[in-house]
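The next block holds one structure in the form of structure tokens; read it before the comments.
The values are calculated or read from the model by the stated rules, or taken from the named source; none is laboratory data. Just so you know, these numbers come straight off a predicted model, no measurement behind them. All Cβ positions, glycine included, derive from the backbone under ideal geometry; neighbour counts span all protein chains shown.
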């Protein structure tokens, strides 16, 4: 009987500890967004497929919402001039350019388009 009571006490303590731990620990939830394409332009010069994706990629608030629609390459140049890449985040989302260069992310690619107007995306990922 003592063993049975000991097991019950251990289970109750474990259950209580488990509930407390799950409440107090930070939750790292992955964002779940739809595949709908309603583009959003951020101050990082990146066109996000929709507002949900923008918010998920900017939880640290590096980029701010700029406007609904696709970012324009010349917008980056008008706004930031030659310091365009200084405004890009350093989140790796490699883009392979038609020039054979791997750009760290779409913002860096768009900055490169300022000096290379004919530059196109060959494919997503490293070249």
| task | Say whether the condition of being surrounded by 15 or more Cβ atoms within 10 Å (Cβ to Cβ) and at pLDDT 85 or above is met by at least one residue in the range 60-77. | result | no
| Which pairs do you get when a residue that is free of Cβ contacts under 8 Å to residues at least 24 places away in the same chain, found in the range 35-52, comes within reach of a residue that is outside any loop (DSSP other than H, G, I, E, B), reach meaning Cβ atoms under 6 angstrom, with the pair 6+ apart or on two chains? | 48/40; 48/54; 51/40
| said: Take the residues in the range 78-91 that are farther than 22 Å from residue 35 by Cβ and either touching a strand residue (DSSP E or B) at 6+ places or on another chain (Cβ under 6 Å) or outside any helix (DSSP H, G or I) (or both); name whichever of them is modelled with the highest pLDDT. | reply: 88
